[in-house]
1. Consider residue 276 against the criteria (1) farther than 18 Å from residue 248 by Cβ; (2) without any contact (Cβ under 8 Å) to a residue 40 or more places away in the chain: it satisfies all of them except one. Which criterion is unmet?
2. So is residue 262 surrounded by fewer than 19 Cβ atoms within 10 Å (Cβ to Cβ), at negative phi and basic (Lys, Arg) or not?
3. Among the residues that make up segment 155-162, is at least one of them in contact with an Asp or Glu (Cβ under 9 Å, 6 or more places away or on another chain) and part of a helix (DSSP H, G or I)?
4. Among the residues of segment 227-251, count how many are closer than 14 Å to residue 284 by Cα and among the hydrophobic types (A, V, I, L, M, F, W, C).
5. Any chance segment 52-64 includes a residue that's at pLDDT 70 or above, in a helix (DSSP H, G or I) and either in the same structural domain as residue 87 (by TED's automatic domain parsing) or under 18 Å from residue 150 (Cβ atoms) (or both)?
6. Determine, yes or no, whether residue 188 is modelled with pLDDT under 85, of a type in the set (Ser, Thr, Tyr) and more than 27 Å from residue 322 (Cα to Cα).
7. Need the failing condition index for residue 254 against (1) in contact with a Leu (Cβ under 7 Å, 6 or more places away or on another chain); (2) closer than 18 Å to residue 212 by Cβ, just the number.
8. Among the residues of segment 197-212, write down those that are modelled with pLDDT under 90, crowded, with 18+ Cβ neighbours inside 10 Å and either outside any loop (DSSP other than H, G, I, E, B) or in the same structural domain as residue 326 (by TED's automatic domain parsing) (or both).
Amino acid sequence: MDELVLEGGADIGTLVMHFDVPDHAMELETIVSISQATLKLLSSLNIDLFEGQIHYRLLVLPPEEGSFRWRYVLCAAGVALWTFVESDIGKGFIKGLTDHEPQYWAEKVGDIVRGRPSPYEVEEGKKLETDASSDVDKFYELVSSYILCQVVISFLTKEQSEISSKIPLNYLQGSYVARNEFYESCLSDPRIKGIGFSEKHEFPITRKGFLDFIVPISEKDKVFNSGLWASSIEDLSVTSPNWSRSDRTRTWKGCDSQGRERTFRIDDDNFWHKVSERQIEAGIIDNVTVQWVHQLLKGKFRNHAVLRVLKYNGRKVSEPLAESEIQKICENLPSKNVEPDQLSFDI
């Protein structure tokens, strides 16, 4: 019987989560929270997409020394999953999330595994002696685990608008709730600067982008009106400034990098000092880079408050606050809805 050989040491069925953190270390509480959210996401996807028919195990492997790549080994029941995904409905779901039909992923696994389908195995280097039928079953276990990894990665990395264009939101409500909890866990730890899903030292989803993956679904979703405070750095085009700091009845208005209209107030003492000293040059439409906080209420981020103006029309204004300072500020802010002029920022 041929031996199963994986090209380049590939780990089929292993979901890699690579966190951009200082000193390659994370708080145990964060690790537990993210792991629980991942397990909940797997369970929800199983229910939302596969009617709970997939049998799987989630095995957590420790990170390697000198990095923080967290590995989850997904062991899916191959034949059961393959039978479903090869149906018209299954193909539609898999293609909707991963952009490819199941057969594509089977061929990818075939390219990785040299020779005829062989046992997926192996504990401590021991091969399993099985007949040809069992070889095929184990090959499809490989394919099923690989597909499950691709589904999870796609769901964690695609924006809701892209997914909803192929799979209606109501089909995936439970999965979105789990994804919300995943990114809330990442946001709760100020040490996490970004996340990737490969062995490479690349983090395509930055801390600033975590918020884009939190999707308030309905008023029954605890995230919908949670009062969650979060921070980010944003580039804004100012369309309607308010140069009177004492005027609390009017806000600044502008558009963010996604073209969304935003109203906000500026609480940066250094900025207002430079305004009083006429060191800020205003234009017709000003471009400003800010570090701000905002609150999730009634399904939208509200109460935008600029803590630091980093640049105004390309000119440096203030240094950004450290993440630990931002975290402390957010912890002291009210979780309920308040009027913007009632907010107090101790900075």
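The values are calculated or read from the model by the stated rules, or taken from the named source; none is laboratory data. Everything quoted here is computed from the prediction, not taken from an experiment. When we count neighbours, we look across all protein chains shown, and the Cβ atoms used for this are built from the backbone with ideal geometry, even at glycine.
1. In the conditions (1) farther than 18 Å from residue 248 by Cβ; (2) without any contact (Cβ under 8 Å) to a residue 40 or more places away in the chain, residue 276 misses (1) alone.
2. Working: surrounded by fewer than 19 Cβ atoms within 10 Å (Cβ to Cβ): no; at negative phi: yes; basic (Lys, Arg): yes.
Judged against the criteria, residue 262 is not a match.
3. Yes, that holds for at least one residue.
4. So the answer is 3.
5. no
6. Numbers: modelled with pLDDT under 85: yes; of a type in the set (Ser, Thr, Tyr): yes; more than 27 Å from residue 322 (Cα to Cα): no.
Considered against the rule, which asks whether it is modelled with pLDDT under 85, of a type in the set (Ser, Thr, Tyr) and more than 27 Å from residue 322 (Cα to Cα), residue 188 comes out as no.
7. If we test residue 254 against (1) in contact with a Leu (Cβ under 7 Å, 6 or more places away or on another chain); (2) closer than 18 Å to residue 212 by Cβ, just (2) comes out false.
8. 207, 210
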